[in-house]
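A.B. asks: Here's a structure for you.
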Amino acid sequence: MKLALIIDDYLPSSTRVGAKMFHELALELQSHGHTITVITPECCQVKTLMIDDLDGITVWRFKSGPLKDVGRIHRAINETLLSTKAWKSVQHLISGNSFDGVVYYSPTIFWGGLVHKIKHRCRCPAYLVLRDMFPQWVIDAGIIKEDSLVDKYFRVFEKKSYDQADCIGLMSDKNLEVFQKKQSGYNCEILRNWASVSPVQTDKYGCAKSFRVRLSLEGKILFLYGGNIGHAQDMANLMRLARNMQEYEQAHFLFVGQGDEVELINNLARQWQLTNFTYIPPVSQDEFKTLLTEVDVGLFSLSPKHSSHNFPGKLLGYMVQSIPILGSVNNGNDLSDLVNNNCAGFIHINGEDEKLFYSAKRLLMDSELRQRLGDGANKLLRQQFSVTAAARAIEGSLEADYETNRSYHTV
C-alpha cells in the first residue's frame with residue numbers, strides 16, 4: 001500500500017516522543033513492503049515545501065508557523081492553519097492513486113481538513129492514532145472552561161478530526177471506555193503506544209563524554225524524567241519527591257525537556273534549595289538514547305485532574321533500555337495495574353507522596369530490585385508495546401477498509 005503518515009512534529013529536529021514513535025512506525029511499515037510518505041510542518045524553512053529523505057522515508061515538509069514552545073493563542077492560530085497550509089503546499093503532488101491509506105496522529109486536532117481532502121481525492125481510508133483527548137485534558141487542568149467559546153471552537157475541529165477516521169486507535173482500555181462515553185458512532189480499537197524493542201548500545205553514537213561525566217554525577221543513582229514538562233504532567237509532584245529524597249546523597253534527579261512548567265521546576269529547586277536536582281534543556285534524539293543507557297530509574301507523572309487515562313510515550317524509552325518505572329497517575333488509570341502487575345516498576349496515585357517516596361527509597365537502596373523491575377519493563381514492552389504489533393494493527397485496519405469499500409479505489 002502507498003500510505004501517507006501525517007504528524008505535526010517529526011525527526012530529525014524534534015526531541016519529542018511522538019516524533020520518534022511515528023518514525024519508527026514509518027520504518028516498520030516500510031519493512032512490510034509499504035511505500036511511505038510523511039507529511040509534516042516545518043517552521044524554520046524558507047521554501048513553501050521541502051522534500052527530503054530520512055532513513056529511506058520520503059518526507060514532505062511544508063512551511064508553518066511555530067507550534068511548540070510559543071504562547072497559547074499564537075500556537076492555536078498556527079495549528080488552526082495546519083490543514084490549509086499543508087494542502088496548498090502538497091496538493092499538486094497528490095493524484096487519484098497517490099495513496100491507498102492515511103495514518104494521522106493526534107495531538108493535534110487540526111488535521112481533519114487535510115485528511116478529508118486526501119481521502120476525497122484518493123478515495124482511501126484513514127486511521128487516527130489518538131494519543132491525547134484535547135481539549136478535554138486542558139478543561140480537566142482548569143486551563144479553559146467547559147462550554148466556553150474556546151472549548152466550542154476546539155470541539156468543532158476535534159469532531160472534524162474524528163469524522164475523517166475509518167478507525168480510531170486509543171492507547172488503553174480505560175481510554176477507550178472514556179472516549180466511547182463522550183463520543184458515539186466511531187469505529188475504535190486499542191492501539192497501544194509502541195517502540196522498537198532493540199536497546200541502544202552505549203557507544204553507538206560516539207558521544208565524547210557520558211552525561212554523568214558532563215554533569216558531574218558519577219557514582220549517583222540517577223532518577224530521570226525526560227519529556228514534556230507541562231501542566232498535564234503536574235511536575236510539582238516529582239519535585240516534591242526530589243525534595244523528600246534530599247537526605248539520600250546518592251540519589252540525583254535529572255529532568256530533561258521543555259514545556260510550560262520549566263520555570264516552575266527551576267523556581268521550586270531554588271526555593272527548596274535542592275542539591276539533588278539538575279535540569280537541562282531538550283537534547284537530540286540520539287543524545288537522549290545515549291542518556292537512557294546511563295540512568296537507573298525512569299520517572300513520569302500525570303496530573304490528578306485528568307479524566308482520560310494516558311500512557312506517556314516516555315515510558316517506552318525506559319522499557320527499551322530495561323529501566324524500572326517510577327511514577328504517579330490519575331485515579332482509575334489502568335496503567336498502574338499494567339506496570340505493577342507485570343513487575344515493571346512502581347506506580348501510585350498522584351498525591352500519594354509517602355508511597356511514591358517509599359518506592360523511590362526501595363529502588364535507590366536495592367540494585368537487584370532495579371534489575372528485576374527493569375527486566376520486567378523490557379518484557380512488558382516486547383509483549384504489548386512493540387512497533388511491529390502497532391504496524392500490524394494499523395495496516396490490518398486499512399486493508400480491511402480497502403477491501404470492504406471498493407468504491408474508495410475508483411477515480
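A.B. asks: If you put +1 on each Lys and Arg Cβ and -1 on each Asp and Glu Cβ, how big is the dipole of the chain around its Cα centre, in Debye rounded to 20?
C.D. replies: Working: 45 positive and 46 negative charges, 158 e Å.
Roughly 760 debye for the chain.
A.B. asks: How high is the relative contact order of segment 194-351, given as a whole-number percent (alpha carbon pairs under 8 Å, six or more residues apart)?
C.D. replies: 26
A.B. asks: Shifting gears a bit: As an exercise, use a Förster radius of 30 Å and the Cβ-Cβ distance of C43 and Q271 to find the FRET efficiency, rounded to the nearest 0.05.
C.D. replies: 0.30
A.B. asks: I'd like to compare 57-70, 162-175, 362-375: which one has the highest average count of other Cβ atoms within 10 Å, and what's the full order after that?
C.D. replies: Descending mean neighbour count gives 162-175, 57-70, 362-375.
A.B. asks: Okay, next question. Take the alpha carbon atoms of segment 292-346, find their center, do the same for segment 1-36, and report the distance between the two centers in whole angstrom.
C.D. replies: About 24 Å separates the Cα centre of segment 292-346 from the one of segment 1-36.
A.B. asks: A further question follows. Show me the ranking of peptides 225-238, 339-352 by mean Cβ neighbours inside 10 Å, starting with the highest.
C.D. replies: So the order, starting with the most tightly packed, is 225-238, 339-352.
A.B. asks: If you don't mind, there's one more thing I want to ask. Evaluate the chain: find the radius of gyration of its Cα atoms, find its Kirkwood radius, and give the ratio Rg to Rh.
C.D. replies: Rounded to two decimals, Rg over Rh is 0.96.
A.B. asks: On C-alpha positions alone, give me the angle between the axis of helix 149-163 and the longest principal axis of the chain, in degrees, nearest 10.
C.D. replies: Long axis of 149-163 versus the principal axis of the chain: about 60 degrees.
A.B. asks: About the Cα centre of segment 266-341, how large is the charge dipole given +1 on each Lys and Arg Cβ and -1 on each Asp and Glu Cβ? Please answer in debye to the nearest 20.
C.D. replies: So the dipole magnitude of segment 266-341 works out to roughly 280 debye.
A.B. asks: Can you give the angle from 0 to 90° between the axis of helix 387-404 and the longest principal axis of the chain, with both taken from C-alpha atoms, to the nearest 10?
C.D. replies: Once rounded, one gets 20 degrees.
A.B. asks: Please report, largest first and rounded to whole Å, the three semi-axes of the ellipsoid equivalent to segment 62-200, where each semi-axis is the square root of five times an eigenvalue of the C-alpha gyration tensor.
C.D. replies: 24, 21, 17
A.B. asks: Under unit Cβ charges (Lys, Arg +1; Asp, Glu -1), what dipole magnitude, rounded to 20 debye, does segment 270-407 have relative to its Cα centre?
C.D. replies: Around 240 debye, computed over segment 270-407.
A.B. asks: Here's something else I'd like to know. For segment 358-383 and segment 124-203, write down the distance between their C-alpha centroids in whole Å.
C.D. replies: What the calculation gives is 30 Å, centre to centre.
A.B. asks: Any idea how far apart A400 and Q180 come out in nm if each label point goes 7 Å out from Cα toward Cβ?
C.D. replies: Computed distance between label sites A400 and Q180 equals 1.3 nm.
A.B. asks: Take the Cβ-Cβ distance between L149 and I349 as r, set R0 to 45 Å, and report the resulting FRET efficiency rounded to the nearest 0.05. Numbers along the way, then the final one.
C.D. replies: On the way: r = 34 Å, r/R0 = 0.75.
Working from the Cβ atoms, E equals 0.85.
A.B. asks: Relative contact order (percent) for segment 268-368, with alpha-carbon contacts under 8 angstrom and 6 or more residues of separation?
C.D. replies: Values: 107 pairs, mean separation 22.7, N = 101.
Here the relative contact order equals 22 percent.
A.B. asks: Another question, then. Take the alpha carbon gyration tensor of segment 162-248, find the square roots of its eigenvalues, order them as a ≥ b ≥ c, and report rounded if a/c is under 1.5; if not, report prolate when a/b exceeds b/c, else oblate. Don't skip to the answer; put the middle values down first.
C.D. replies: Working: a/c = 3.73, a/b = 1.81, b/c = 2.06.
Oblate, because a/c is 1.5 or more while a/b does not exceed b/c.
A.B. asks: Name the residue from L238, A251, G227 whose Cα lies farthest towards the positive end of the charge dipole of segment 213-265, charges +1 on Cβ of Lys and Arg and -1 on Cβ of Asp and Glu.
C.D. replies: Value: A251.
A.B. asks: Also, I was wondering about something else. Please state the relative contact order of segment 21-160 as a whole percent: Cα pairs under 8 Å, 6+ residues apart?
C.D. replies: That works out to 16 percent.
A.B. asks: Starting from the Cα gyration tensor of segment 294-395, multiply each eigenvalue by 5, take the square root, and state the resulting semi-axes largest first in whole Å. It would help to have the intermediate numbers written out before the result.
C.D. replies: Details: eigenvalues 96, 70, 19 Å².
So the three semi-axes of segment 294-395 are 22, 19, 10 Å.
A.B. asks: Determine ³J(HN,Hα), in whole Hz, for all residues of segment 345-351 in sequence, where each value follows from phi through the Karplus function 6.51 cos²θ - 1.76 cosθ + 1.60 and θ = phi - 60°; x replaces Gly and Pro.
C.D. replies: After applying 6.51 cos²θ - 1.76 cosθ + 1.60, I find x, 10, 10, 10, 6, 4, x Hz.
A.B. asks: Among Y358, P199, V178, whose Cα projects farthest towards the positive end of the dipole of the chain, with charges put on the beta-carbon of Lys, Arg (+1) and Asp, Glu (-1)?
C.D. replies: The Cα lying farthest towards the positive end belongs to V178.
A.B. asks: Return an integer: the convex hull volume of the alpha-carbon atoms of segment 247-332, in Å³ per residue.
C.D. replies: In segment 247-332, the Cα convex hull volume per residue is 130 Å³.
A.B. asks: Which aspartates and glutamates, on any chain, are close to K119 with Cα under 14 Å apart, when same-chain ones fewer than 8 places away are left out?
C.D. replies: Hits, sequence-local ones excluded: D100, D163, D166, D401.
A.B. asks: Moving on to the next point. Taking 28 Å as the cut-off for C-alpha to C-alpha distance, list the pairs among K209/K314; K88/K159; K145/K289; K85/K174; K47/K159 that go past it.
C.D. replies: Violating the 28 Å Cα-Cα cut-off are K145/K289; K85/K174; K47/K159.
A.B. asks: Another question, then. Taking the mean number of other Cβ atoms within 10 Å as a proxy for protection, how do you rank 209-215, 312-318, 239-245, 257-263 from highest to lowest?
C.D. replies: Per-residue mean Cβ counts within 10 Å order the peptides as 312-318, 239-245, 257-263, 209-215.
Coordinate-derived values only; no laboratory data. On a predicted model such as this, the values are computed, not experimentally measured, just so you know. Note: ideal-geometry Cβ built from the backbone for every residue, glycine included; neighbour counts use all protein chains shown.
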